[in-house]
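Rule-based calculations on the coordinates, nothing more; no lab input. As the structure is a computational prediction, the values presented were derived from the model and not from experiment. Cβ coordinates were reconstructed from backbone atoms using ideal geometry, including for glycine residues, and neighbour counts include every protein chain displayed.
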Amino acid sequence: QTKDQANLENVALTIDGQSISVPAGTTVLAAARQLGIDIPTLCHDPELTNPGSCRLCVVEIEVPTAGGMMKMRNLPPSCVTAVSPGMVVRTRTETVVQARRTVLELLLANHPKDCLRCERAGSCRLQAYAYEYGADFPVAGSALDGERRRDPVDDSNPFIRRDMNKCVLCGKCVRVCAEIQGRHVLDYAHRGFATTVAPAFEKPLGDSDCVFCGSCVALCPTGALTEKTKAGKGRPWDVRRKVRTTCPYCGTGCNFD
Ligand code: FES
């Protein structure tokens, strides 16, 4: 049997008690979505390569062993875990929900508490998941209360406002700029706690090769990248208008007035 033939085989598994058969190589996340099961994601996008970095999509997985027993895997991220025969997936156990809440609280621990004034309020994925999972900003003096990032806001151009204090490092802006638009304007800079996303040499966006296509803004799950109105700021429903388009990443700036 060739590798290509093996890849064409279907794999049967169970997700939340529902049986499904999908082609080998399918991720657990994609299989779950075929069943209409909702798994939260921040760094995943079906059109981009996936780093499996945010860990919000973790699930419980048991796989059969050679001896006929089931072996538990340690909360793997479903977006980068391929299905395997006989796999049993649980997407909403108490352990899974607690793990996702902890991931969210770790992100909120280094996030500005300005949701009332944020352009992305009401359309922020981080806010929506925090609401869904009951995650909150850490209380002063608690285990997760600590240092916060204090980056200057890049307001150097008329189109996009860049506030890296609100970035969760999902990297979708980096990947869409490189993989879809072929521009490579944004990339990671620094390491550890200081890690951020910026144009080369941390130039302001207005001094970079950015063509302001808006693809990065469209995929940003938080208020780190937002579009601007002529008045200087704007919530998505203030700025965007619906247009007929065949491509979600068309790069022609059709989201702009
Ligand atoms: Fe799976 Fe981020 S969505 S790790």
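For the chain, the longest principal axis of the C-alpha atoms and the axis of helix 94-108 are separated by about 20°. Under 1.5 on a/c is rounded, so check that first for the range 3-92, then, if it is not, pick prolate when a/b is larger than b/c and oblate when it is not; a ≥ b ≥ c are the square roots of the alpha carbon gyration tensor eigenvalues. Oblate is the answer for the range 3-92, as a/c is 1.5 or above yet b/c matches or exceeds a/b.
The residues Glu62, Glu9, when put in order of fewest to most other Cβ atoms within 10 Å, stand as Glu9, Glu62. Across the chain the C-alpha pair distances fall into 10 Å bins from zero in the proportions 7, 26, 31, 22, 11, 2, 0 percent. Helical runs (DSSP H, four residues minimum) scored at -39500 (n - 2.57) apiece and divided by the length of the chain put the mean residue ellipticity at 222 nm at -5000 deg cm²/dmol. Only Lys, Arg, Asp and Glu carry charge here, each on its Cβ (+1 for the first two, -1 for the last two); on that basis the chain has a dipole of about 420 debye about its Cα centre. For the range 1-125, the dipole from Cβ point charges (+1 on Lys and Arg, -1 on Asp and Glu) about the Cα centre works out to 320 debye, to the nearest 20.
Report the antiparallel proportion of the DSSP beta bridges in the chain as a percent, rounded to a multiple of 5. Among the beta bridges of the chain, antiparallel pairing accounts for roughly 90 percent.
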